[in-house]
1. At 0.36 nm per residue, minus the direct Cα-Cα distance, what do residue 43 and residue 122 gain on full extension? Give it in nm, one decimal, please.
2. With the cut-off at 21 Å, report for segment 84-190 the share of all Cα pairs above it, as a whole percent.
3. Could you tell me the accessible area of residue 72 in Å² (1.4 Å probe, neighbours in place), rounded to the nearest ten?
4. Whose amide H sits under 5 Å from the amide H of residue 113, counting only residues 5 or more places off or on another chain, with H placed in the peptide plane?
5. Would you mind telling me which residue in 65, 36, 24 has the biggest mean-square fluctuation in a Gaussian network model of the chain, where springs connect alpha carbons within a distance under 10 angstrom?
6. According to a simple spin-label model (label point 7 Å from Cα along Cα-to-Cβ), what is the distance in nm between residue 181 and residue 24?
7. What does the helix-only formula give at 222 nm for the chain: each DSSP H stretch with n ≥ 4 adding -39500 (n - 2.57), the total divided by the residues, and the result rounded to the nearest 500 deg cm²/dmol?
Amino acid sequence: MTNIIFFGPPGAGKGTQAKLISELFNLSHLSTGEILRKKILEKDTLAKELKEIMSSGKLVSDDILNSIVAARLANENHKGFILDGYPRSLKQSQFLNDFLNKSSLQINYIFNINLNYEILRNRIVKRSSLESRDDDKINVIETRYNEYLKTTEKVSKFYKELSPDIYFEIDGSFHIDEITKNIVEIIKNS
C-alpha cells in the first residue's frame, strides 16, 4: 500500500499530479479542494459558509477538513491514497498523524512541488478562464498564496524535518509530463 501527501502553493500542479499518480498507481485521490467545491453545490448552510470562505481565499477551518479527511480515509479500501490539499495547518498534521497511528497506516512519500509566484499567478489566471473557479481571481490568488506561506509552507517544512527520507522536492516549472515522470521514478526507485 502506498500513501502520499502532495504539498505546494496554489497553482503549482498538486491536483494535476495527484490525479495522474493516483491513476498510474491505482490509489484513491483525496482532494480537499474538490470535495469542498462539490459541497458548495449542495446549497445548504455549510455550503454557503464554505463558498464565502473559499471565494475570499481564506482557509476552511481545521475541524471541517479534519472531519472530511477522517470520514474519507475510514471508508477507503486501503489500497493506498493521495492527500492533495491536506494537511494545511500544524493542527491538521497532528490530527492526521494521530489518525494514521490509530489506523496502523503511514505516509510513504511526501512531494513538495515548488514554483515561483509569477508563474503561479499566470497559471491560476489561465486556469480561471478555463474552469471559471471563484477562488482563482487575482485578489483571491494573492490571499491564497499568502495563506499558504503563513500556514501550509510551515507544515511542509515540519514534514521535511520529521521525515526527510520520504520527503522529495519537485521542480514545478517543468512540463506536466516531466514532473509526473520525476515522481514516478522516485516511487519506483525507492
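The values are calculated or read from the model by the stated rules, or taken from the named source; none is laboratory data. A quick note: this is a predicted structure, and the numbers were derived from the prediction, not measured. Counting neighbours? That spans all protein chains shown, and the Cβs are built from the backbone with ideal geometry, glycine included. These area figures cover heavy atoms from the full protein model, side chains too; ligands, DNA and RNA do not enter into them. Shrake-Rupley method; radii C 1.70, N 1.55, O 1.52, S 1.80 Å.
1. Working it through step by step, the gained length comes to 25.4 nm.
2. 47
3. The value for residue 72 is about 80 Å².
4. Placed amide hydrogens put 7, 8, 170 under 5 Å from residue 113.
5. For the chain, modelled as a Gaussian network with Cα springs under 10 Å, the answer is 24.
6. About 1.1 nm, to one decimal.
7. Only helices count here, giving -17500 deg cm²/dmol.
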